[in-house]
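The values are calculated or read from the model by the stated rules, or taken from the named source; none is laboratory data. Nothing here was measured: the structure is a model prediction, and the numbers come from that model. Note: ideal-geometry Cβ built from the backbone for every residue, glycine included; neighbour counts use all protein chains shown. When the accessible area is computed, the model is the full protein with side chains, heavy atoms only, and any ligands, DNA or RNA have been set aside. Shrake-Rupley method; radii C 1.70, N 1.55, O 1.52, S 1.80 Å.
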Amino acid sequence: RGTTIGRVRLAGGTEVAALGQGTWRIGDNPRRWGEEIAALQAGVELGMNLIDTAEMYGEGRAESLVGEALKGKRDSVFLVSKVYPHNAGRARIFRSCEESLKRLGTDRLDLYLLHWRGRVPLEETVECMERLAEQGKIIRWGVSNFDTADMRELAALAGGSRCAVNQVLYHLGSRGIEYDLLPWQRERGMPIMAYSPLAQAGELRKGLTEHPAVVQAAEAHGASPLQILLAWSIRGGNIIAIPKASSVRHVTENAQAARIRLSDEEIAALEDAFPPPSRKVPLDII
Ligand code: NDP
């Protein structure tokens, strides 16, 4: 216990925890369900009470697992799910949303995101999202994997300014959004939800966690390099990071990262090691 997780204001005013929990690839292995449920529940107890899922994840299995984990606890979390682009129009979104609600064992989502931009016209998706909100099926909506040009287009539509959040890839090794997307959203009071804040796994992550600037900060804080990545990702106050973890140990380490306050010197050293781009780069997408 004893973690103090900061709060981030969504466009529209509600505050949520700056650290939440992702669920991609959770629920895929039936033998691991018990452990994954325990991990999610521990994370909620530790204050990471924003849970991010999607109809895509395991074709509904992740949502079902989240539903199981939240039995009797629905009201203690801020629940986020996403609709596939091909389901994000009049013909399918209402059924998609209903099925997500059923798997999650709830009557409403706190936030419903368009997973990425597809062929359905944005106007139509916005209209459907607004309808779902009127019906009380969702409290608010947002988007994911939208670059600055997409956000401008969205903002120009009727109702488009009610978009609460944009969920995009962001970690120390992928800072493209700092060039224009993050400032554009900051001006409008709309936070970024950072996915893959631990840079997933593998070589890319190793390049970050083994870098002397990260290792040095980790040693100074008695923390792990991954905790430094997380603390770094939420340093600005308008980013919500949603690391995915499937054990209580990992979840606990992640929650504790919220305690770390990086000094200006440490942030500058990380800046030197992994500078943000000085010109526009297209949004990184997984
Ligand atoms: P992350 O960057 O969160 O990394 C997850 C990996 O890190 C897992 O292998 C996990 O292992 C491991 N891990 C977590 N905590 C620790 C720890 N303390 N120590 C060591 N290893 C750890 O990757 P994701 O891609 O999963 O991103 C997070 C979430 O963002 C997703 O789950 C999903 O909800 C969302 N997302 C959204 C996308 C979109 O298009 N909108 C795209 C990609 C992700 P283990 O499971 O064994 O704990």
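Here are the numbers for the structure shown:
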read-out: GLU63 farther than 28 Å from CYS163 by Cβ and surrounded by 18 or more Cβ atoms within 10 Å (Cβ to Cβ); value: no
read-out: Selection from region 209-229 of residues that are open to solvent by less than 60 Å² (accessible area, probe 1.4 Å) and either without any contact (Cβ under 8 Å) to a residue 24 or more places away in the chain or touching an Asp or Glu at 6+ places or on another chain (Cβ under 9 Å) (or both); value: THR209, ALA213, VAL215, ALA217, ALA218, ALA223, SER224, PRO225, LEU226, GLN227, ILE228
read-out: Which listed residue is open to solvent by 40 Å² or more (accessible area, probe 1.4 Å), more than 17 Å from the chain's Cα centre (by Cα) and free of Cβ contacts under 8 Å to residues at least 12 places away in the same chain, from ALA149, ALA158; value: ALA149
read-out: Region 17-44: number of residues that are without any contact (Cβ under 8 Å) to a residue 40 or more places away in the chain and open to solvent by 10 Å² or more (accessible area, probe 1.4 Å); value: 9
read-out: Residues that are more than 13 Å from the ligand (Cβ to nearest atom) and under 22 Å from VAL165 (Cβ atoms), drawn from region 240-279; value: PRO276
read-out: Residue within region 125-136 that is under 23 Å from GLU36 (Cβ atoms) and β-branched (Val, Ile, Thr) present; value: no
read-out: Among (1) out of contact with any Leu (no Cβ under 8 Å at 6 or more places or on another chain); (2) aliphatic (A, V, I, L, M); (3) closer than 30 Å to LEU204 by Cβ, the one test that ILE177 misses; value: (1)
read-out: Set LEU283, LEU262: member being part of a loop (DSSP other than H, G, I, E, B), in contact with a Lys or Arg (Cβ under 8 Å, 6 or more places away or on another chain) and of a type in the set (A, V, I, L, M, F, W, C); value: LEU262
